[in-house]
Amino acid sequence: MSLTRTPRLSFDIVTIFPAYFDALELSLLGKARANGVLSWRVHDLREWTYDRHRTVDDTPYGGGAGMVMKPEPWGEALDAIAAAGVDRPTLIVPTPAGEPFRQATAQELASVGRLVFACGRYEGIDARVAEDAAQRYDVREISLGDYVLNGGEVAVLAMIEAIGRLVPGVIGNADSLVEESHSDDGLLEYPVYTKPATWRGREVPEVLLSGNHAAIAAWRRERSRERTQQRRPDLWAAQQPE
Ligand code: JD8
């Protein structure tokens, strides 16, 4: 008898470049999909176009450079995807103008159940699409970070990896997530080493070979503090009371 299960989390992705999402199969998430813990479907937006050129863009009202994604294919795609489920899904629209994506965002979204991602291209999607979708979806416009990408696909890959790995059963080793949560103390990770103990004349720090667990923990904490001060003054400032 084959044992199947209801996925803890399902994703629908709408894009004009479905091939970007072939890579999801390669990661840990691919195994989780095979095990039925996660499920996802990738939809080509052009399947909701009806002209001979399968047009998804048009010139911007108000003028300016570049093209804007037309609302009609998006409206039909998002209606069809919402209608294919029972619960009210969450629609994530990646945009540089969105709220920042953080670990806390990934944690929230990992418990949502049904996520739909709308990948824009060009200068973005006609603003009425997100307004209209709010009738059927909880809509979140989210930015991966403060740099410019050419479209939403790479942002969605990053978000799905960050969200998916938090779903129970996706990371085989539960210790990894436990370790992470107590190292999630607002400090950067300490440096890590493996064998050989000497490589190209460089030694692994002696304390790590000592077997003295208290000394190792103290050393790691100090390296974390040092890195945080040097590389992330914003995180370091948040560490200091007052
Ligand atoms: C979606 C189109 C490109 C956006 C002109 C070139 C996220 N952190 C992030 N940076 N960039 C994006 C992102 C960029 C996008 C689209 C997300 C759709 N573009 C456009 C407007 C200005 N560029 C992102 N998440």
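What follows draws every value from the coordinates through simple rules; no lab data is involved. None of the values given here were measured: they were computed from a predicted structure. Heads up, the Cβs are rebuilt from the backbone with ideal geometry, glycines too, and the neighbour counts pull from every protein chain shown.
Mind checking which pairs have a first residue in region 8-21 that is free of Cβ contacts under 8 Å to residues at least 60 places away in the same chain and a second that is among the β-branched types (V, I, T), Cβ under 6 Å, 6 or more apart or different chains?
P18/V42
What's the total number of residues in region 147-173 that are more than 14 Å from the ligand (Cβ to nearest atom) and over 29 Å from E76 (Cβ atoms)?
Of the residues in region 147-173, 9 are more than 14 Å from the ligand (Cβ to nearest atom) and over 29 Å from E76 (Cβ atoms).
What single numbered condition from (1) among the small types (G, A, S); (2) over 30 Å from D185 (Cβ atoms); (3) surrounded by fewer than 19 Cβ atoms within 10 Å (Cβ to Cβ) fails to hold for A77?
(3)
Residues of region 226-236 being in a helix (DSSP H, G or I), within 14 Å of D185 (Cβ to Cβ) and not aromatic (F, W, Y), which ones?
R227, T228, L235
Can you name every residue in region 209-225 that is surrounded by 15 or more Cβ atoms within 10 Å (Cβ to Cβ) and farther than 8 Å from Y190 by Cα?
Passing the criteria: I216, W219, R225.
Out of the residues in region 108-135 that are β-branched (V, I, T) and under 18 Å from V42 (Cβ atoms), which is farthest from the ligand (Cβ to nearest atom)?
That would be V116.
With the requirement that a residue be of a type in the set (S, T, Y) and either touching a helix residue (DSSP H, G or I) at 6+ places or on another chain (Cβ under 7 Å) or buried (at least 20 other Cβ atoms within 10 Å of the Cβ) (or both), what does region 133-158 give you?
Y137
Do any residues in region 92-112 that are in contact (Cβ under 8 Å) with a residue 60 or more places away in the chain and within 15 Å of V129 (Cα to Cα) have Cβ atoms under 7 Å from those of residues that are within 16 Å of the ligand (Cβ to nearest atom) and part of a loop (DSSP other than H, G, I, E, B), where the two are at least six apart or on different chains, and which pairs are they?
Taking only residues 6 or more apart or on different chains, the pairs are P94/C119; P94/L144; P94/G152.
Please count how many residues of region 136-146 are over 30 Å from G36 (Cα atoms) and more than 6 Å from the ligand (Cβ to nearest atom).
1
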